[in-house]
Amino acid sequence: MTRLVMKFGGTSVANIERIKNVARHVQREVAAGHHVAVVVSAMSGKTNELVGWCKEGAALYDASEYDAVVASGEQVTSGLLAIVLKDMGIPARSWQGWQIPIRTSDAHGSARIEGIDPKGLEAGFARGEVAVIAGFQGIHVESGRLTTLGRGGSDTSAVAIAAAIHADRCDIYTDVDGVYTTDPRIVPKAKRLDRVVFEEMLEMASLGSKVLQVRSVEVAMVHKVKTFVRSSFDDPSDPKPGTLICDEEDIVEQQVVTGIAYSKDEAQITLRDVADKPGVAAAIFVPLAEANINVDMIIQVVSDDAKTTDLTFTVPSAEYERARKILEDNSDSIGYAGITGATDVVKVSAIGIGMRSHAGVAARAFKALSEKGINIRAITTSEIKFSVLIDAEYTELAVRTLHTLYGLDKA
Ligand code: ADP
Ligand code: ASP
Ligand code: MG
């Protein structure tokens, strides 16, 4: 019998009515003769509420207790879906991450899956049971503590379980019917894609398209899990295929640019009049790296006297205050005249494996954005994407401009 993983996100299990609708999707696949493992998220809004309670409890809350709290949202929905399935006459049982177990690192709040023992799930399949698994959770076996996989981590639970049980397919059901050329909530002209290449999906996810957690795409790519993104709001008796994440050779017609992503999770820092001499970049970036702060875009301007330079770079907005403090504490060893920053900035990116073989793709964007009066603060490029940092107020205009420029608008 073929094995299938079906993952349902927060809006798909937001209340009992929706959980019953999820159960009907599961019923269809069971009736088609599959062994099914279902992975569920917490009800939408629940994880935010739980995170808020932790912060209220203590500004510097203990990370392992944070995991104990936030993992509870998925415990509720996995139990509820199992209750509903059993009531429909479908044998099922709920599984918490620790019960399987899903073994992870001890990086509480953003743990990585290290291994999944499929034996318990397989024994359940042999008994004809649907496994209803709480997503997002794992266990650090050595300490016996619960862990969670980072926000959006149920996607990764699903794909990793699919790899562990050698599932034929992993279906990620969400509140949109597939992966679009950009976030359909801000660009109504966005088009649904039938297929997206793993590498592109990886870039889209890491550059802000939260439809899949980045790590889930990595796991799917490494373990060759056939992954679809599709809608849980489709009629369970008439499902649509959604978007397949696939290898490059499975793409028939390749566009130069496949998608546009944006991320508000950026902050800009500029150091003025830094000495233009060897060792300065190290003096700035080593302390930040030691504090685990990821620096992304970096631009250096050589000033007229060639003795000093301005250095601009970005850090995740959540790390902005901490990064500034580190730079201020190290001001003597770095040596700069002033420090300025901005958090009302956004990174807009265009992604496409077609960029490998086309020159001037980014240059067209710079021109189009300048024609709209949008100032570019920083730029980064790589083989299959480029990103620009702009003022947050121009987010939608910039995304729409690039979407149109690269011919992605739906007819
Ligand atoms: P779930 O709760 O099911 O995990 P998420 O909210 O995490 O759902 O992800 C789905 C959302 O991702 C969509 O509602 C959509 O607004 C957003 N999104 C951002 N970029 C894209 C994209 N390129 N294609 C589809 N959805 C996208
Ligand atoms: N409930 C968790 C979150 O909101 C995990 C998930 O939904 O994937 O981040
Ligand atoms: Mg999600």
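No value in this document is a laboratory result; all are computed from the given coordinates. Note that the coordinates shown come from a computational prediction; the quantities given were computed from them, not determined experimentally. Cβ: placed from backbone, ideal geometry, glycine included. Neighbour counts: every protein chain shown.
Things to note:
- Cα shape, segment 150-280, gyration tensor, a/c 1.5 rule: prolate
- Which of R145, R24 has the fewest Cβ neighbours within 10 Å, and the rest in rising order: R24, R145
- Nitroxide proxy distance, nm - points 7 Å out along Cα→Cβ at D276 and E142: 4.9 nm
- For the chain, share of DSSP beta bridges that run antiparallel, in % to the nearest 5: 65 percent
- Cα shape, segment 14-127, gyration tensor, a/c 1.5 rule: oblate
- Interchain or long-range residues, amide H under 5 Å from R145's placed H: H140
- Residue exposure sequence - S387, S143, S263, S357 - by fewest surrounding Cβ within 10 Å: S357, S143, S263, S387
- Cα-projected label distance for S105 with A337, points at 7 Å along beta-carbon direction, nm: 4.2 nm
- For the chain, relative contact order (Cα pairs under 8 Å, six or more residues apart, normalised by length) works out to 14 percent.
- Neighbour-count ranking [beta-carbon atoms within 10 angstrom, fewest first] of T258, T312: T312, T258
- J(HN,Hα) series, segment 335-344, from Karplus relation 6.51 cos²θ - 1.76 cosθ + 1.60, nearest Hz, glycine and proline x: x, 8, 8, x, 10, 10, x, 8, 10, 8
- Length-normalised contact order of segment 70-179 in % [C-alpha pairs under 8 Å, at least 6 apart]: 27 percent
- Each Cα pair under 8 Å and six or more residues apart adds its separation to the average, and for segment 199-246 the resulting relative contact order is 28 percent.
- V222/N330 FRET efficiency (R0 30 Å; Cβ-Cβ; nearest 0.05): 0.20
- Of K20/K189; K224/K385; K55/K347; K119/K385, those spanning more than 30 Å from alpha-carbon to alpha-carbon: K20/K189; K119/K385
- Debye-formula intensities of the chain, expressed as log10 I(q)/I(0) at q = 0.06, 0.08, 0.12, 0.13 Å⁻¹, are -0.28, -0.49, -1.03, -1.15 (one equal scatterer per alpha-carbon, no solvent).
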